[in-house]
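> Handing you this structure, nothing more for now.
The values are calculated or read from the model by the stated rules, or taken from the named source; none is laboratory data. Just so we're clear, the structure is a prediction, and the values are computed from it rather than from any experiment. All Cβ positions, glycine included, derive from the backbone under ideal geometry; neighbour counts span all protein chains shown. For accessibility, only protein heavy atoms count, side chains too; no ligands or nucleic acids. Shrake-Rupley method; radii C 1.70, N 1.55, O 1.52, S 1.80 Å.
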Amino acid sequence: GKDGVKGTGKKYEAYRLLYNESSYATGQANLDAYKADGLEEYEIIATLDFKTSEICREQDSKHYPVSEAVTGVNFPPFHVNCRTTTAPYMEGITTGKGTRMARDPVTGKSVRVEKQTYQQWHAGLASRMGEDRLAKAEKMVQNETGDLRQYKKYRAVLGKDAPKSFASFQDLKYNKSKDY
């Protein structure tokens, strides 16, 4: 994969173990700090992009008592390779107006957006892009690893008749299905 660790094998397994243990340890350190600081509640912060899991999409922006935190239930990590994190939550202080980062599905770049839940962010994209275009963009991101394997196989078989780039292959597959 493009990050050098996706797929199978010992290198990926070592990465996965390290990432997941690190995520767990970081979460527990944050929880310990919340308790030490006397914080009563924490807020779930999921990544605003199409790779975010369903459970993390649902948990995003919810807040819970620190005393009731249970890893995998109402405190991250929620699953293997979880990118969701937490932040202190204090009514009136950490709530209200503000911004957060999101992944622009068209450019692939990080952008600052108004503070909102994952569902609000997704609904805003749907209204701007249209449901069909949004669904295709989301599917392209979620299927990237499998599509890249498929593209490499097609290139090996088709040679110079294959699409010139992975991006053009995905465009053909998702946006020009009749030509595909």
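> Whole number in Å², please: accessible area per residue of the stretch 49-180, 1.4 Å probe, ligands, DNA and RNA not counted.
For the stretch 49-180, the solvent-accessible area averages 63 Å² per residue.
> Shifting gears a bit: Tell me, what does the Kirkwood hydrodynamic radius of the stretch 28-107 come to in angstroms if you use every pair of distinct C-alpha atoms?
Roughly 13.3 Å, rounded to one decimal.
> Just to make sure I understand: if all protein chains stay in place, what is the order of PHE78, PHE166 by accessible area at 1.4 Å, largest first?
Highest to lowest solvent-accessible surface, that is PHE166, PHE78.
> What trypsin sites (Lys or Arg not before Pro) in the stretch 139-180 are in a loop by DSSP, with at most 15 other Cβ atoms within 10 Å of the Cβ?
Those that pass, being in a loop and sparsely packed, are LYS164, LYS176, LYS178.
> Further question: Roughly how many debye, to the nearest 20, is the charge dipole of the chain about its Cα centre, given +1 on each Lys and Arg Cβ, -1 on each Asp and Glu Cβ, and no other charges?
The dipole of the chain has a size of about 1340 debye.
> Expressed as cubic angstrom per residue, what is the convex hull volume of the alpha carbon set of the stretch 73-124?
115 Å³
> Another one. Candidates [x] 0.92; [y] 1.06; [z] 1.24; which is the computed Cα Rg over 2.2 N^0.38 Å?
It is the value labelled [z].
> Quote the FRET efficiency, to the nearest 0.05, computed for ASP132 versus LYS178 with a Förster distance R0 of 22 Å and r equal to the Cβ-Cβ distance.
My answer for the efficiency is 0.90.
> State the percentage of accessible surface on the stretch 1-129 attributable to carbon and sulfur atoms; use a 1.4 Å probe and exclude ligands, DNA and RNA.
The computed percentage sits at 55.
> Any chance you could give the angle, 0 to 90 degrees and rounded to 10, that helix 10-36 forms with the longest Cα principal axis of the chain?
Helix 10-36 sits roughly 20 degrees off the main axis of the chain.
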